[in-house]
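Engineer: A single structure is presented below for examination.
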Amino acid sequence: MSRDKDRFLNILLISPSILAVLIFVYVFIGWSVRVSLSKWKGLTADYTWNGINNYLELFKDPRFHVDIRNTVIFTGVFVFGSIILGFILAVMLDQGLKGEGFFRSLFLFPMAISYIVTGVVWRWLMNPAAGSRTSGFNLLFTNVGLDSLVNQWHTTPTWGIAAIALAAIWQMSGYTMALYLAGLRAIPLELKEAARIDGASEFQIYRRIMLPLLSPVTLSALIILGHMSLKVFDLIIAIAGKQLPLDVPAIYMWQVTFDGLFYGKGAAIGILLLISVAVLIIPYIRYTLKTEAQS
Amino acid sequence: MNINLRPGRHWLYIPLIAMAIFYLLPMYVIIITGFKSFAEIDLKTMWDLPKGIALDNYIEAWTKLSPSLRNSFLMVIPATLISSALGSLNGYVLAKWKFRGSDLIFPFILFGMFIPYQSIMIPLVQFMNGAGISGLPGLALAHIIYGIPITTLTFRNYYASLPQELLEAAKMDGATMLGIYRYILLPISLPSFVVVLIWQFTSAWNDFLFAVILTGNREWPITVALNNMAGSQIISWNVQMAGSLLAALPTLLVYILLGRYFLRGLLAGSLKG
C-alpha cells in the first residue's frame, strides 16, 4: 500500500521538471525545426512549407562562410590555448609549493565574472589605435620595449577573432587548470615515486605517465570547451559589437531573427548549431554515464 | 596533497607570479581607473596609478546602473532558489527511487544543459508572448527551467554517493518517501545546496543571451545595461570600467567567500564529481 503511494509520489515530484524540460527543450527544438523549414519572414508567424531551402541558402551565404571560418579559428586558438595553459598551471600547482591555494583561486577568479565584463575591459586593453593614441596592451608593450608585439588585435584582418579567443583563454584557462588538478590529485602518488626510482626525470614523468593517465580529463576539456566555442556570443558582442569580420553563427542567428525578422533562416542557424553541439555532447553523456555505471 | 616538496622547486614562483600578473592585469586596470578623478582620465596614462582616491567614476556608474543591478537581484534570487529546490527533489528521486525508465530520464534532462539556446530561442520568445509572461518574470522562468539539468545533476550525484542502507533502515522504521527526504537527506544536503545556489546565482547573474532577448530597457539586468553603456559613444571608458566592477562585484564576493563550493560546481558542470 505505502509502496504504491511512494511510487506515485516520486513520479509526482519529478514530473513538473520533466514536463518543463520536455517542453522547453525538446518541444521547442521540434518547433524550431519546423520554423527552419518555413518561409517565415516578418512579424507574423508564417509556416508555409519551404523545404530545406533555408539551409541550402545558408550553405551558399558568404556571411555564413565567414562564420564557419571564424568559429574554426576561435575554437582552435581557444581550446588549444586553454588546455595547454591549464595543464601547465596545474602541473606547477601540483608541486606542493606554499601559496598553492592562493594561486589556484587567483587563476580561477575570471570564471566568476561575466563575459560582458571581460569583454568591456578587454575591449580597452586591446585598443588598436596607433601613434599618440596608443593605449592598452599596445601601450604596455611599447613602454617595456616589446614594440614587435604591438598589433591590431581584433581588428586584424581574417585573424581578428583569435584576439577574442585570447580574452576567452584568460577567462576559461582556470577551468581547465581545475579539471587537470583534480585529475592529477586522483593519480596515486606511488606511481610517481616508482617512476622516480626508475630514474625518470620530472618532465618525463608528466609527459610519459601523467599525461596519458589524464587523457579522460583532456577529453572532457576538449568537449566542454569545444561546445562552448560553438556557442560563443556575449564576449564578441561586448568586445566588438556586431561586426561582419568577427561574425559567428550565434550572432548571425540573433541579427537575422530579431533585427532582420527572417525567422526561417534564424531557426535554421539555431538548428545547425544544435547539431554541431549534439555531435560532441551526446556521445560524451553516454560515455560518462557508462563509465559511472561501471565504477 | 603532494608532500614530497623538493628544495629545487622555488624557481617555479617566477612563472607562477608572471601568470598571476597576467590574470590580474584587467582587474588592475578596472580598479585603478575607477579611482581616478575625471581630470586624470587619459587613455595614454591608463596603466598609471591614480594620484589620489576619487569616486567620480563609481558615482556616475552607480547612477546609470543601479536600476539594472536591482533588476538583476530581483530576477536572480527567485531563479536561484526555485531551480535549486527542484534540482534537489529530482536528484533525490533519480538517485534513490529508481523506477522503470529512470535511467533514460537522467540523460534526457542532462542534454538540456548543453544545447545552444539559439536552437530554442524563437519558440521561447513566441511562448512567452503567447502566455503573456514578459520581462523579469519571464527571464527568471527561463533561468529556472534551463537551470534544472545542472541542479538535478549535482544533487543526483551527491545523493547517489550516500549509502542505500540509510534509506532502507528508515523504510524499515516506517518512514515515508517524503519523510526520508525531509528528515534524513535534507539536513545533510547543505553543502550541495551551497554549490548549486552559487552556481545558479553566478550563471543567472552573468547571463546575457536570455536577458537581451527577453527583457526591454526598463527591465534590463546588469549585463545588458553594461553592454549598452559600453556600446554608446557618450559614456567614456573610465565610467565603463567602474561599471564593470559594479557588475562583477556580487559574483566576485561570492567567489572570494565561498570559492571552494564554486570549484565543486564547476567540476560538476563537466559531469565530473
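The values are calculated or read from the model by the stated rules, or taken from the named source; none is laboratory data. Predicted model only: the values in this text are computed from it and were never measured. Note: ideal-geometry Cβ built from the backbone for every residue, glycine included; neighbour counts use all protein chains shown.
Engineer: Identify, please: which residue in the range A:246-288 is in a helix (DSSP H, G or I), within 16 Å of A:His65 (Cα to Cα) and under 17 Å from the mean Cα position of the chain (by Cα) and is, among those, farthest from the other protein chains (Cβ to nearest Cβ)?
Structural biologist: Restricting to residues being in a helix (DSSP H, G or I), within 16 Å of A:His65 (Cα to Cα) and under 17 Å from the mean Cα position of the chain (by Cα), the top hit is A:Leu246.
Engineer: Do you know which residues across the range A:63-89 are among the hydrophobic types (A, V, I, L, M, F, W, C) and within 12 Å of chain B (Cβ to nearest Cβ)?
Structural biologist: Within the range A:63-89, A:Leu85, A:Ile88, A:Leu89 meet the criteria.
Engineer: Now, a different point. Could you list, in sequence order, the residues of the range B:100-144 that are among the small types (Gly, Ala, Ser) and facing chain A (nearest Cβ under 7 Å)?
Structural biologist: B:Gly112, B:Ser119
Engineer: Restricting attention to the range A:179-188, does a residue exist that is at the interface with another protein chain (Cβ under 9 Å from one of its Cβ atoms), part of a helix (DSSP H, G or I) and either over 30 Å from A:Val72 (Cβ atoms) or over 23 Å from the mean Cα position of the chain (by Cα) (or both)?
Structural biologist: Yes, some residue in the range A:179-188 is at the interface with another protein chain (Cβ under 9 Å from one of its Cβ atoms), part of a helix (DSSP H, G or I) and either over 30 Å from A:Val72 (Cβ atoms) or over 23 Å from the mean Cα position of the chain (by Cα) (or both).
Engineer: Same structure, new question: Return the pair list, or none, for Cβ contacts closer than 7 Å from residues in the range B:169-183 that are over 16 Å from B:Tyr159 (Cβ atoms) to residues that are loosely packed, with under 15 Cβ neighbours inside 10 Å, at least 6 apart or on different chains.
Structural biologist: That search, which allows pairs on different chains as well, returns B:Thr176/A:Ser2.
Engineer: Could you list all residues from the range B:189-237 that are in contact (Cβ under 8 Å) with a residue 24 or more places away in the chain, closer than 23 Å to B:Ile115 by Cβ and not aliphatic (A, V, I, L, M)?
Structural biologist: Passing the criteria: B:Trp199, B:Gln200, B:Phe201, B:Thr202, B:Ser203, B:Trp205, B:Asn206, B:Asp207, B:Phe210, B:Thr215, B:Pro221, B:Thr223.
Engineer: Quick one: count up the residues across the range B:48-80 that are within 13 Å of B:Ile144 (Cβ to Cβ) and either touching an Asp or Glu at 6+ places or on another chain (Cβ under 7 Å) or surrounded by fewer than 16 Cβ atoms within 10 Å (Cβ to Cβ) (or both).
Structural biologist: 1
Engineer: A:Lys265 versus (1) surrounded by fewer than 14 Cβ atoms within 10 Å (Cβ to Cβ); (2) at pLDDT 95 or above; (3) of a type in the set (D, E, K, R): which is the lone unmet condition?
Structural biologist: (1)
Engineer: From the list A:Ser32, A:Ser38, which residue is small (Gly, Ala, Ser), surrounded by 17 or more Cβ atoms within 10 Å (Cβ to Cβ), touching an Asp or Glu at 6+ places or on another chain (Cβ under 7 Å) and within 13 Å of another protein chain (Cβ to nearest Cβ)?
Structural biologist: Only one candidate passes the filter, namely A:Ser38.
Engineer: With respect to B:Ala39, is the statement that it is at pLDDT below 95, outside the structural domain of B:Trp237 (by TED's automatic domain parsing) and assigned to a helix (DSSP H, G or I) true?
Structural biologist: Yes; evaluated as a whole, the condition is true for this residue.
Engineer: Turning to a different aspect of this structure: What residue, among those in the range A:234-244 that are buried (at least 21 other Cβ atoms within 10 Å of the Cβ) and not small (Gly, Ala, Ser), is farthest from A:Pro157 (Cα to Cα)?
Structural biologist: My answer is A:Asp234.
Engineer: So how many residues does the range B:218-257 have that are more than 10 Å from chain A (Cβ to nearest Cβ), surrounded by fewer than 20 Cβ atoms within 10 Å (Cβ to Cβ) and closer than 24 Å to B:Leu197 by Cβ?
Structural biologist: Counting residues in the range B:218-257 that are more than 10 Å from chain A (Cβ to nearest Cβ), surrounded by fewer than 20 Cβ atoms within 10 Å (Cβ to Cβ) and closer than 24 Å to B:Leu197 by Cβ gives 1.
Engineer: Could I ask something else about it? Mind checking which residues of the range B:52-84 are within 16 Å of the chain's Cα centre (by Cα) and aliphatic (A, V, I, L, M)?
Structural biologist: Listed by number, the residues that qualify are B:Leu69, B:Leu74, B:Met75, B:Val76, B:Ile77, B:Ala79, B:Leu81, B:Ile82.
Engineer: Under 25 Å from A:Ile251 (Cβ atoms), facing chain A (nearest Cβ under 10 Å), among the hydrophobic types (A, V, I, L, M, F, W, C) and under 17 Å from the mean Cα position of the chain (by Cα), is that true of B:Leu266?
Structural biologist: no
Engineer: A follow-up question, please. Please work out if B:Leu24 is part of a helix (DSSP H, G or I), within 14 Å of chain A (Cβ to nearest Cβ) and surrounded by 15 or more Cβ atoms within 10 Å (Cβ to Cβ).
Structural biologist: So B:Leu24 does not fit the description; no.
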